[in-house]
Amino acid sequence: MMLPPCSILKDMFESGYAEDGTGGKIPLHSNISRQHARVLYEMVRRHKPAVCVEIGMCLGISALSILTALHENANGGRLISIDPLQTDPAHEKGIGLLNVKRAGLDGLHTLIEKKSYEALPALLADGLQVDFGYIDGWHSFDYALLDFFYLDKMLSVPGIVGFNDCGWRCVHKVLKFVQRYRLYREMDVGIAPSYKASNHLFSLIKRIEGRISNDRYFQKLEDWEPEGGFYTHF
Ligand SMILES: C[S@@+](CC[C@H](N)C(=O)[O-])C[C@H]1O[C@@H](n2cnc3c(N)ncnc32)[C@H](O)[C@@H]1O
């Protein structure tokens, strides 16, 4: 699968490393795949969002995919990344930010170095409208649900929200919430569903449960919420 046209992304995927500010090499980790980077880039190219928010920046693979597309869109679009550990010396050491700068895309980018459950309510209170969200932060059900809950409140119609690690039970449960408690349409992003797992049995279970491993994208159809007291199993 072709990568987004960004030399920094190409270097990282080809070498398997990211460079820190002193020429040191850090093995790539936690990043979205080459295929998911391409899909993310294409989604932003196609839908031309003005404001994108990603949760979980790490070494900057998803950020560079979005920013490369925003740069090519040339319509003033910008990206806000939320990640509490970006410049932490024990974690990413600012490498994600450095990569964005190396790619010359820092003019379109802002980092909020906070936990998403702190940053998102503040953005909502500021009245931010979001057109495109990408959720790849802390993946436990409660955190990922809050990420979606707040993004949904800021998302324009027909804004888009994408999820990474959809095959994980905790994320899959959030996707059920999206489909049962809000009005969204799943988008066809042109990749065949994968149920890849560590063995055949786990793969079969994933298939039965509909737990697709691919990134999944949902388009908001309406600003709609159920009545208070509504409950449905999800
Ligand atoms: C799977 S990685 C993100 C990878 C990134 N999207 C990429 O493609 O390179 C998850 C990131 O979420 C961040 N994270 C952890 N807790 C978080 C929280 N409460 N809010 C937002 N981000 C968080 C971590 O610091 C980590 O960088």
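The values are calculated or read from the model by the stated rules, or taken from the named source; none is laboratory data. Owing to the predicted nature of the structure, the values given are computational and were not obtained by experimental measurement. Please note: Cβ atoms are built from the backbone with ideal geometry, for glycine as well, and neighbour counts cover all protein chains shown.
Condition test on Gly77, is it more than 11 Å from the ligand (Cβ to nearest atom) and either modelled with pLDDT of 95 or more or over 21 Å from Asp188 (Cα atoms) (or both)?
Yes: the conditions hold for Gly77.
Of the numbered conditions (1) within 16 Å of Glu225 (Cβ to Cβ); (2) buried (at least 19 other Cβ atoms within 10 Å of the Cβ), Phe163 satisfies every one except a single condition; which is it?
With respect to (1) within 16 Å of Glu225 (Cβ to Cβ); (2) buried (at least 19 other Cβ atoms within 10 Å of the Cβ), Phe163 is out only on (1).
Restricting to segment 2-43, what's the tally of residues that are on the phi < 0 side of the Ramachandran plot and either in contact with a Cys (Cβ under 7 Å, 6 or more places away or on another chain) or assigned to a loop (DSSP other than H, G, I, E, B) (or both)?
So the answer is 14.
Give me the pairs, please: first residue somewhere in segment 26-39 and more than 7 Å from the ligand (Cβ to nearest atom) and at pLDDT 95 or above, second residue anywhere and in a loop (DSSP other than H, G, I, E, B) and of a type in the set (Val, Ile, Thr), beta-carbon distance under 8 Å, and either six or more positions apart or on two chains.
Pairs that qualify, where the first residue is more than 7 Å from the ligand (Cβ to nearest atom) and at pLDDT 95 or above and the partner is in a loop (DSSP other than H, G, I, E, B) and of a type in the set (Val, Ile, Thr), are Gln35/Ile191; Val39/Val189; Val39/Ile191.
For the condition over 13 Å from the mean Cα position of the chain (by Cα) and within 25 Å of Gly77 (Cβ to Cβ), what is the one hit in Leu145, Leu155, Leu175?
Leu155
Hey, can you tell me all the residues within segment 59-76 that are in a helix (DSSP H, G or I) and within 20 Å of Glu92 (Cβ to Cβ)?
Ile61, Ser62, Ala63, Leu64, Ser65, Ile66, Leu67, Thr68
I'm checking my understanding of the structure. Among residues of segment 147-171 that are in a helix (DSSP H, G or I) and closer than 24 Å to Ser33 by Cα, which one is nearest to the ligand (Cβ to nearest atom)?
The extreme case among them is Asp147.
Give me the residue from segment 44-58 that is part of a loop (DSSP other than H, G, I, E, B) and more than 17 Å from His139 (Cβ to Cβ) and, out of that set, nearest to the ligand (Cβ to nearest atom).
That would be Pro49.
Would you pick out the residues in segment 128-152 that are charged (D, E, K, R) and free of Cβ contacts under 8 Å to residues at least 60 places away in the same chain?
Asp142 - this is the single residue of segment 128-152 that is charged (D, E, K, R) and free of Cβ contacts under 8 Å to residues at least 60 places away in the same chain.
Give the residues of segment 82-104 that are of a type in the set (A, V, I, L, M, F, W, C) and more than 16 Å from Val53 (Cβ to Cβ), sorted by residue number.
Passing the criteria: Leu85, Ala90, Ile95, Leu97, Leu98, Ala103.
Could you tell me whether any residue of segment 216-231 is closer than 20 Å to Asp136 by Cβ and touching an Asp or Glu at 6+ places or on another chain (Cβ under 6 Å)?
Yes; the residues of segment 216-231 include at least one that is closer than 20 Å to Asp136 by Cβ and touching an Asp or Glu at 6+ places or on another chain (Cβ under 6 Å).
Output yes when any residue across segment 110-118 is buried (at least 22 other Cβ atoms within 10 Å of the Cβ) and more than 9 Å from the ligand (Cβ to nearest atom), and no when none is.
The answer is no; no qualifying residue exists.
I need a count of the residues in segment 62-105 that are among the acidic types (Asp, Glu) and within 15 Å of the chain's Cα centre (by Cα).
1
Using beta carbons and a limit of 6 Å, which pairs, at least six apart or on different chains, have the first residue in segment 53-76 and touching a residue at least 60 places away in the same chain (Cβ under 8 Å) and closer than 21 Å to Ser156 by Cβ and the second one more than 6 Å from the ligand (Cβ to nearest atom) and among the basic types (Lys, Arg)?
Close Cβ pairs satisfying both conditions: Ala69/Arg45.
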